[in-house]
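Enquirer: Mind having a look at this structure? Questions to follow.
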Amino acid sequence: MSTPTSTLAAPRPRRVSLLAGKLFKKLRRVGVLNWSLPILLLVVWQACSSFGYLTNNILPSPAAVALAGWKLALSGALVANVWVSFLRAMAGLIIGGAIGFAFGFANGLSDLSEKLTDTTLQMARNIPHLALIPLVILWFGIDEGAKLFLVALGVFFPIYLNTLHGIRNIDPQLVEMGRSYGLTPRELLRRVIFPGALPSILVGLRYALGIMWLTLIVAETIAAQSGIGYMAMQAREFMQTDIVVFSILIYAALGKVADATARLIEKTTLAWHPAYKR
Amino acid sequence: MSFVDLCPAFEKNADPFSDGVSLTIRGLARSFGSTKVLSGLDLDVPTGQFVAIVGRSGCGKSTLLRLIAGLDEPTEGRLRFAGKALARSGPSFGGPNLAGHSLVRVMFQEPRLLPWARVMANVEIGLGAVESSPQTRQRVIEALEAVGLAERAGEWPFVLSGGQKQRVALARALISRPQLLAFDEPLGALDALTRIEMQRLLERIWLRDRFTAILVTHDVMEALTLADRVLLIESGRVTLDLAVDLPRPRRRGSAELAQLEEGILDRLLGDEQFESCGSARSPRR
């Protein structure tokens, strides 16, 4: 009874903070937090354009970019170009990824294969693949072949290295167990070695996806007759900055989609892994 | 009340074919570089016997087990199962024979479960290179029932406790009805209570299936509780071969067992005054 005021006053700030905490949690669950920063940037950007701090030929307003995107979508040019770029990216990923995976597997399992090829591959890895563009244009012209080659070369190394690393790091005790329990080499590969290397292979895939888009952007910007990069370069000729900015945003969106896909694959195939459980 | 008492699978009739196999070892030697770990070892294990091998660490007992299990090649000497030499690798060694039995299975110190396979698939590995079918699934469930884990068949290994993981490993070793089961200190990492439970489980399963069992352990009391015969290995040779002729189930800490344990421990510790074991490094004698 001696301190009635203090006991009454204490709960108030706590309740407020509790409420704020609840709101925070709810926002986080809906995913608002992930997107709050991009939205804020967008608002600031639009405000700068509206009040005349940014002129149209330096950076168009978000509304103008959205309008340009809408027009492109209506004309059908958007879908056609995105589709072309997507096909190039996938073809390059599949070809380069498959070769990288094959080499990684072979070199992880066989010492002979590793001795024959690893040194060469490690040397080739240190050449930035984009430095080959002049040569590639001489070889393939500006056809599909050039872009396919560059993308395939770019994705090859992360997939090769991570597949090799994954196989090398398999617990030898598990392999010994598999052998002593009578698994044939094929079964051992299917039940022990491949699943054991998979987390590492998927890390390689995520790296590869990043390199895939980067390579494609550069290749399409330098020499192409279709695709998102071509769309952007053509717009530059006519000072259509809204289309240029829109193209860049598409790349960002496609990169996000690719990353989300890789995450989804990780989540479904690595459910056994405590680190991916959630 | 332990999980063993709750398992109806134990009351099932034993498989008439799952008898053990006899093992004959003559002049077995294994060296790593210039260090001799085993030298001139002779051993006869009759069909269905439970043999425990004790010794200090580094005395060669695990190497002997690895040789018996075919995980390693002897430098010299012969190993014969039921009088026949053995293809040391390939499906004829690890895989099941015509009657559906495998010859030798090992239970390792670590559970060695595949973390990416559910408990059921892990036990199925024990069948070797066999495609899964309703029959194999039935056998998996039976093997899991025998270790009291049938209801965990769909779990990932990482949710299981250490003792449960070893029970899954035991089910995996049992599913192919091996004729010889080699245990490489499988209970070493378990807590005292789980250890005792596992010892009882091992004994009941052995009494049911009557395979030949070879248990490597550093726990003399464990060896005496479970085995028909206890071998002491020192400096790569068998230096004590003790028949334990006591009725089962044996009570840990009974006067007879304690007396035998003291004898073995005296021997193990007494030797220390004359030669430090370290037999892997300096095999004298």
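Enquirer: In what order, largest first, do A:Glu237, B:Glu145, B:Glu73 sit by accessible area if the probe radius is 1.4 Å? Write out the running numbers ahead of the final one.
Expert: Working: A:Glu237 125, B:Glu145 65, B:Glu73 100 Å².
Listed by decreasing accessible area, they come as A:Glu237, B:Glu73, B:Glu145.
Enquirer: Are there residues in segment A:183-215 whose accessible area shrinks by at least 40 Å² when all protein chains are included rather than the chain by itself, and which are they (probe 1.4 Å, ligands and nucleic acids not counted)?
Expert: When all protein chains are present, A:Arg191 each give up 40 Å² or more of accessible surface.
Enquirer: Another question, if that's okay. Compute for chains B and A the buried accessible surface, both sides summed, probe 1.4 Å, and express it in Å² to the nearest 100.
Expert: Values: alone 13410 and 17920 Å², together 29180 Å².
It comes to approximately 2100 Å² buried between B and A.
Enquirer: Another question about this same structure. What does the average come to when, for each residue of peptide B:135-141, you count the partner chain Cβ atoms lying within 10 Å of its Cβ?
Expert: Numbers: counts 0, 0, 0, 0, 0, 0, 0.
Counting Cβ atoms of other protein chains within 10 Å of each residue's Cβ and averaging gives 0.
Enquirer: Hey, what do the phi angles of segment A:77-92 turn into as Karplus ³J(HN,Hα) couplings, whole Hz, using 6.51/-1.76/1.60 and θ = phi - 60°, x for Gly and Pro?
Expert: Karplus values, whole Hz, x for Gly and Pro: 5, 4, 4, 4, 5, 5, 4, 4, 4, 4, 4, 4, 4, 5, 4, x.
Enquirer: Next up: Report the equivalent ellipsoid semi-axes for the protein assembly as shown in whole Å, largest first, defined as the square roots of five times the eigenvalues of the gyration tensor built from alpha carbon atoms. Before the final figure, lay out the partial values.
Expert: Working: eigenvalues 806, 221, 95 Å².
The equivalent ellipsoid of the protein assembly as shown has semi-axes of 63, 33, 22 Å.
Enquirer: Let me ask something else about it. Averaged across A:54-60, how many Cβ atoms of other chains sit within 10 Å of each residue's Cβ atom?
Expert: Numbers: counts 0, 0, 0, 0, 0, 0, 0.
Across the residues of A:54-60, the mean count of other-chain Cβ atoms within 10 Å is 0.
Enquirer: Follow-up. Nothing charged except the Cβ atoms of Lys and Arg (+1) and of Asp and Glu (-1): what's the magnitude of the dipole of segment A:79-192 about its Cα centre? Round to the nearest 20 debye.
Expert: Details: 9 positive and 8 negative charges, 28 e Å.
With only Lys, Arg, Asp and Glu charged at Cβ, the dipole is about 140 debye.
Enquirer: Now, a different point. In 10 Å bins starting at 0, how do the alpha-carbon pair distances of segment B:157-263 split up by percent?
Expert: 13, 45, 33, 9, 0
Enquirer: OK, next. For the full complex of protein chains and a 1.4 angstrom probe, list B:His218, A:His273, A:His129 by accessible area with the highest value first. Mind showing how you got there, number by number?
Expert: Values: B:His218 105, A:His273 50, A:His129 30 Å².
Largest accessible area first, the list is B:His218, A:His273, A:His129.
Enquirer: Return the sequence-ordered ³J(HN,Hα) values of segment B:241-246 in whole Hz as given by the Karplus equation 6.51 cos²θ - 1.76 cosθ + 1.60 applied to θ = phi - 60°, using x for Gly and Pro.
Expert: 10, 10, 7, 9, 9, 10
Enquirer: Considering only C-alpha atoms, what is the centroid distance from segment A:234-278 to segment A:35-72, in Å?
Expert: Answer, in whole Å: 21.
Enquirer: Dipole size in debye (nearest 20) for segment A:78-271 around its Cα centre, Lys and Arg Cβ +1, Asp and Glu Cβ -1? Intermediate results must be reported in sequence, preceding the final value.
Expert: Working: 14 positive and 13 negative charges, 72 e Å.
Taking the Cα centre of segment A:78-271 as origin, the dipole is about 340 debye.
Enquirer: Shifting gears a bit: Kindly state, to the nearest 0.05, the FRET efficiency for A:Ala98 paired with A:Gln46, given R0 = 41 Å and r defined as their beta-carbon distance. Intermediate values should be presented prior to the final figure.
Expert: Values: r = 45 Å, r/R0 = 1.09.
Taking R0 as 41 Å, the efficiency between A:Ala98 and A:Gln46 is 0.40.
Enquirer: Rounded to the nearest whole Å², what accessible area per residue is found for segment B:128-188 with the 1.4 Å probe? Let's see the in-between values first.
Expert: Working: 2060 Å² over 61 residues.
Using a 1.4 Å probe on heavy atoms only, each residue of segment B:128-188 averages 34 Å².
Enquirer: Just tell me the longest site-free run in chain A, where the sites are chymotrypsin sites (Phe, Trp or Tyr not before Pro) in a DSSP loop having at most 14 other beta-carbon atoms within 10 Å. Display every interim value, and only then the final one.
Expert: Working: sites that count: A:Phe51, A:Tyr53, A:Phe238.
Longest run free of exposed loop sites: A:54-237.
Enquirer: OK, next. With the dipole of the protein assembly as shown worked out from charges on the C-beta (+1 for Lys and Arg, -1 for Asp and Glu) around the Cα centre, which of B:Ala182, A:Asn81, B:Thr136 lies farthest toward the positive end?
Expert: A:Asn81
Enquirer: So for the protein assembly as shown, taking the charge dipole from beta-carbon charges (+1 Lys/Arg, -1 Asp/Glu), which of B:Leu207, A:Leu138, B:Met107 sits furthest toward the positive end?
Expert: Most positive-ward Cα: A:Leu138.
Enquirer: Before anything else, pin down the relative contact order of segment A:78-271: Cα pairs under 8 Å, at least 6 apart, normalised by residue count, whole percent. Working shown, then result.
Expert: Details: 212 pairs, mean separation 51.5, N = 194.
In percent, rounded to a whole number, it is 27.
Enquirer: Going from the alpha-carbon gyration tensor of segment A:227-269, what semi-axes, largest first and in whole Å, does one get by taking the root of 5 times each eigenvalue?
Expert: On the way: eigenvalues 195, 13, 3 Å².
They are 31, 8, 4 Å, listed largest first.
Enquirer: Additional query: Can you give me the accessible area per residue for segment A:8-143, using a 1.4 Å probe, in Å²? If you can, show how the numbers build up before the last one.
Expert: On the way: 9770 Å² over 136 residues.
For segment A:8-143, the per-residue accessible area is 72 Å².
Enquirer: On to the next question. Counting just the Cα atoms, what span does segment A:78-271 cover along each of its three principal axes? Round to the nearest Å and put the largest first.
Expert: 70, 37, 21
Enquirer: Please give the peptides B:256-263, B:25-32 ranked by average Cβ packing (other Cβ atoms within 10 Å per residue), highest first, as a rough proxy for protection. Intermediate results must be reported in sequence, preceding the final value.
Expert: Details: B:256-263: 14.6, B:25-32: 16.6.
Top to bottom by mean Cβ count within 10 Å: B:25-32, B:256-263.
Enquirer: Right, something else. Which order do B:Glu155, B:Glu234 take by accessible area at a 1.4 Å probe, largest first?
Expert: On the way: B:Glu155 60, B:Glu234 15 Å².
Accessible-area ranking of B:Glu155, B:Glu234, largest first: B:Glu155, B:Glu234.
The values are calculated or read from the model by the stated rules, or taken from the named source; none is laboratory data. None of the values given here were measured: they were computed from a predicted structure. Glycine gets a Cβ as well: all are built from the backbone with ideal geometry, and neighbour counts include every protein chain shown. Areas reflect the complete protein model, heavy atoms only, side chains present, ligands, DNA and RNA absent. Shrake-Rupley method; radii C 1.70, N 1.55, O 1.52, S 1.80 Å.
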